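Peer 1: Please find one structure pasted underneath; my questions will follow.
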Amino acid sequence: MRLSVLIIFLLVSSSIFSQKEVLEFQLSKPENGIQVNMLDSSFQVGDVNPFQVLSTGSEPILKVEVFRGNVHYNPMGWYEVSFKKAGPTFIKVFCKNSRGEPYLAMTKPVDVQPLPTPEVFICDVKNDSALNIEHLIKNRKITAKMRTPDQFKYHPAVLSFRFSLGKDTISVKGNEIPFSYKSKLYDLKDGGTFSIYDVKVMLPNKNKNVVIVPKVSVFLINTDQYSVGERRYIGN
């Protein structure tokens, strides 16, 4: 049971605490003389998650383990844990009793949240929407946006993707269909679909994590939205 939320100032010799920061911690009620303090109620994949383990009694802490997590110990009871996969986990705290015998003093369940998934756009058109063929030919850009953009200082970056033209599958580094394939895009037909696969996106978070969006598709249409008299055009 949480007793309160306390704002504390920390200066810790750690890879993530290199300067004074204001951190808000969730303070838990001690169980069996053990208290676990966390920045949030859950951990995050792809991030360094700090937490503190304290013994409020006379029994010393022998070790701390986190299921499926890579744990690094810092001074003053601080730990950092990282995860490769989301899902449930738990913190296990081992202590030594008055007879010098080790025992499991606490098991604390914690959820590990996945990395946020960006939304990928083909020529500024979202998945399962209609895209003008001429706009695809002239623009050829693949972009991404975070679903909660206000939480991030920067924009996500598309690093690579694959797409198919006929029987050919093309792998692209960067965020643009190469100019050399522009002429083949004219073979695309109204009423068809255009898909990209395995879109690698670098997230705009502290660790620059990379996520893969498996597939994004648009429905191809022909319209006259880019017509001016007899001339058809769109800006690059």
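The values are calculated or read from the model by the stated rules, or taken from the named source; none is laboratory data. What you see is a predicted model, and the numbers here were worked out from it, not measured in a lab. So basically every Cβ, Gly included, is an ideal-geometry build from the backbone, and we count neighbours across all protein chains shown. Accessible surface is based on the protein model in full, side chains and every heavy atom, while ligands, DNA and RNA are left aside. Shrake-Rupley method; radii C 1.70, N 1.55, O 1.52, S 1.80 Å.
Peer 1: In this structure, is Asn127 touching an Asp or Glu at 6+ places or on another chain (Cβ under 9 Å), at pLDDT 95 or above and surrounded by fewer than 19 Cβ atoms within 10 Å (Cβ to Cβ)?
Peer 2: Working: touching an Asp or Glu at 6+ places or on another chain (Cβ under 9 Å): yes; at pLDDT 95 or above: yes; surrounded by fewer than 19 Cβ atoms within 10 Å (Cβ to Cβ): yes.
So Asn127 passes the test.
Peer 1: Evaluate the following for Lys153: is it within 22 Å of the chain's Cα centre (by Cα), modelled with pLDDT under 95 and among the charged types (D, E, K, R)? Spell out the reasoning first.
Peer 2: On the way: within 22 Å of the chain's Cα centre (by Cα): yes; modelled with pLDDT under 95: yes; among the charged types (D, E, K, R): yes.
Yes: the conditions hold for Lys153.
Peer 1: Go through the range 68-87 and report how many residues are farther than 15 Å from Val48 by Cα and either open to solvent by 50 Å² or more (accessible area, probe 1.4 Å) or hydroxyl-bearing (Ser, Thr, Tyr) (or both).
Peer 2: So the answer is 2.
Peer 1: To continue, here is another question. Select from the range 37-57 the residues that are touching a residue at least 40 places away in the same chain (Cβ under 8 Å) and either assigned to a strand (DSSP E or B) or farther than 29 Å from Met202 by Cα (or both) and list them in ascending order.
Peer 2: Within the range 37-57, Met38, Ser42, Phe43, Gln44, Phe51, Val53, Ser55 meet the criteria.
Peer 1: Also: Out of all the residues in the range 154-161, is one or more assigned to a helix (DSSP H, G or I) and either polar (S, T, N, Q) or open to solvent by 90 Å² or more (accessible area, probe 1.4 Å) (or both)? Before the answer, list the steps.
Peer 2: From the range 154-161, those assigned to a helix (DSSP H, G or I) are none; that's our starting set.
Scanning the range 154-161, I find no residue that is assigned to a helix (DSSP H, G or I) and either polar (S, T, N, Q) or open to solvent by 90 Å² or more (accessible area, probe 1.4 Å) (or both), so the answer is no.
Peer 1: Here is a check on your reading of the model: is Glu31 modelled with pLDDT under 95 and in contact with a Gly (Cβ under 9 Å, 6 or more places away or on another chain)? I'd like the intermediate steps shown before the answer.
Peer 2: Details: modelled with pLDDT under 95: yes; in contact with a Gly (Cβ under 9 Å, 6 or more places away or on another chain): no.
For Glu31, the condition - modelled with pLDDT under 95 and in contact with a Gly (Cβ under 9 Å, 6 or more places away or on another chain) - is not met.
Peer 1: Collect the residues in the range 126-146 that are more than 22 Å from the chain's Cα centre (by Cα) and either in a helix (DSSP H, G or I) or of a type in the set (Val, Ile, Thr) (or both), keeping them in residue-number order. Steps first, please.
Peer 2: Taking the range 126-146 first, the residues more than 22 Å from the chain's Cα centre (by Cα) are 128-141.
Passing the criteria: Ile133, Glu134, His135, Leu136, Ile137, Lys138, Asn139.
Peer 1: Follow-up question, since we're still on this one. Restricting attention to the range 166-200, which residues are in a strand (DSSP E or B), open to solvent by 20 Å² or more (accessible area, probe 1.4 Å) and not acidic (Asp, Glu)? Give the derivation first.
Peer 2: Initial filter on the range 166-200 (in a strand (DSSP E or B)): 168-173, 176, 193-200.
Pick out the ones that are also open to solvent by 20 Å² or more (accessible area, probe 1.4 Å) and you get 168-169, 171, 173, 176, 193, 197-198, 200.
Answer for the range 166-200, where residues must be in a strand (DSSP E or B), open to solvent by 20 Å² or more (accessible area, probe 1.4 Å) and not acidic (Asp, Glu): Thr169, Ser171, Lys173, Thr193, Tyr197, Lys200.
Peer 1: Taking the range 87-118 as the region of interest, how many residues are among the acidic types (Asp, Glu) and touching a residue at least 12 places away in the same chain (Cβ under 8 Å)? Outline the logic, then answer.
Peer 2: Just the residues of the range 87-118 that are among the acidic types (Asp, Glu), to begin with: 101, 111.
Narrowing the set further to residues that are touching a residue at least 12 places away in the same chain (Cβ under 8 Å) leaves 111.
Residues meeting the conditions: 1.
Peer 1: Sticking with this one: For Lys20, which of the numbered conditions (1) more than 23 Å from the chain's Cα centre (by Cα); (2) open to solvent by 70 Å² or more (accessible area, probe 1.4 Å); (3) modelled with pLDDT of 50 or more fails to hold?
Peer 2: Exception for Lys20: condition (3).
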